[in-house]
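Student: My structure is below; once you've seen it, I'll send some questions.
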Amino acid sequence: MPITLDEPQGPRVPVMKRQRIGDTVVGAVVRTVQRDVLKDGQPALKDNGKPRQELVVTIVVLPGTTMPAGIGQDTPAAVPAPGEVTRMILRGASFGQWIEAKNTLGQLQVGDIVTQTLDHAQVYNAQGAPTGPKLTTQAEVDAVPRGQSVGVYGPLALRRAAPAEAQWVQLAEAEYLAATAVTLPDTGADAAPAHTGPLSGF
C-alpha cells in the first residue's frame, strides 16, 4: 500500500496569529519543514524567478504565551494553553531571524525553546511592497483602513531548554516521535521486518 509524504490528513494544527503588538509566543520546538509559499495554489516567485520559501515550525506551547492561534480565517483565534501543539509560519524577516538564531545556537534539537514578541508592524500595498513608516503601537495598527495588508513582527530567539522546562521537552519529543513514525506493512513471512522510524529530521 502506498505511503504518502504530503500534508497528513486529519485534524489540522492551529497556526500562531501574529496580529497584535505586544503578543508573545513561547514554545518547545517539535519539528521544522521548509516549503514554497503558495499564492492561489501556485508557488509565489521572487524577482529572480525562484519560489519564495517559508518555514513551518511545530511547537508545544509554553507558559508565557499570549499570542492567539487558529485555523484559517473563519475560525476564531484563542490563546492556546500550555502543552497544546501549534505551528509558527515564518517568512521574510522572521525566517531570516530564525536562520541567524539557529546559526548562533548550533544544531537544532527537539525541545529547544523559541520565543517571539511582536513589537512593530508594517503596512503593504497591493503589490506587496512596504508603504509608510513602521508602526510601533497597537493603536496605529488599529487605525489602518480595512482592506490594507499589515504584517506584525518582532525579534525571534532560540535557546536550549532549562532543566525546569524538562516536562515541555518531553512533550515535544513525544509529539515528534508520534508525528514522524510510520510502520510499514508486513507483506509476507520472507519480507524484511517492518521498520518504525523518522521520515525526516531537521
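Student: Taking only pairs six or more apart or across chains, which ones have beta-carbon atoms under 8 Å, a first residue in the stretch 67-86 that is in contact (Cβ under 8 Å) with a residue 60 or more places away in the chain, and a second residue that is among the acidic types (D, E) and surrounded by 15 or more Cβ atoms within 10 Å (Cβ to Cβ)?
Tutor: These pairs meet every condition: V85/E175.
Student: Next up: Among G72, G111, which is at pLDDT below 90, touching a strand residue (DSSP E or B) at 6+ places or on another chain (Cβ under 9 Å), part of a loop (DSSP other than H, G, I, E, B) and not polar (S, T, N, Q)?
Tutor: Being at pLDDT below 90, touching a strand residue (DSSP E or B) at 6+ places or on another chain (Cβ under 9 Å), part of a loop (DSSP other than H, G, I, E, B) and not polar (S, T, N, Q) holds for just one of G72, G111, which is G72.
Student: Using the structure shown, decide if R91 is free of Cβ contacts under 8 Å to residues at least 60 places away in the same chain, surrounded by fewer than 19 Cβ atoms within 10 Å (Cβ to Cβ) and either in contact with an Asp or Glu (Cβ under 9 Å, 6 or more places away or on another chain) or acidic (D, E) (or both).
Tutor: So R91 passes the test.
Student: For V79, indicate whether it is among the β-branched types (V, I, T) and touching a Phe, Trp or Tyr at 6+ places or on another chain (Cβ under 8 Å).
Tutor: No.
Student: Name every residue in the stretch 114-138 that is among the hydroxyl-bearing types (S, T, Y), touching a strand residue (DSSP E or B) at 6+ places or on another chain (Cβ under 7 Å) and assigned to a loop (DSSP other than H, G, I, E, B), in order of residue number.
Tutor: T136
Student: Here's something else I'd like to know. Being surrounded by 12 or more Cβ atoms within 10 Å (Cβ to Cβ) and modelled with pLDDT of 80 or more is the filter here, so list the residues in the stretch 47-62 that pass it.
Tutor: R52, Q53, E54, L55, V56, V57, T58, I59, V60, V61, L62, listed by residue number.
Student: Let me ask something additional. For the stretch 15-28, indicate whether the set of residues that are of a type in the set (K, R), closer than 17 Å to A172 by Cβ and in contact (Cβ under 8 Å) with a residue 60 or more places away in the chain is non-empty.
Tutor: No - not one qualifying residue is present in the stretch 15-28.
Student: Kindly evaluate M67 against the criterion of being hydrophobic (A, V, I, L, M, F, W, C), within 15 Å of Q19 (Cα to Cα), outside any strand (DSSP E or B) and modelled with pLDDT of 95 or more.
Tutor: It is true that M67 is hydrophobic (A, V, I, L, M, F, W, C), within 15 Å of Q19 (Cα to Cα), outside any strand (DSSP E or B) and modelled with pLDDT of 95 or more.
Student: Could you tell me which of the residues A28, A44 is among the small types (G, A, S), surrounded by 18 or more Cβ atoms within 10 Å (Cβ to Cβ) and either within 11 Å of M88 (Cα to Cα) or at pLDDT 75 or above (or both)?
Tutor: It is A28.
Student: Additional query: So, T58, is that one hydroxyl-bearing (S, T, Y) and either farther than 19 Å from Q170 by Cα or part of a loop (DSSP other than H, G, I, E, B) (or both) or not?
Tutor: No; evaluated as a whole, the condition is false for this residue.
Okay, residues lined up against (1) loosely packed, with under 12 Cβ neighbours inside 10 Å; (2) within 14 Å of G22 (Cα to Cα):
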site	(1), (2)
V110	no, no
I113	no, no
L118	no, yes
A121	no, yes
G132	no, no
L135	no, yes
V141	no, yes
P145	yes, no
V152	no, yes
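The values are calculated or read from the model by the stated rules, or taken from the named source; none is laboratory data. As the structure is a prediction and not an experimental result, all values here were calculated from the model. Note that we place each Cβ from the backbone using ideal geometry, even for glycine, and neighbour counts take in every protein chain shown.
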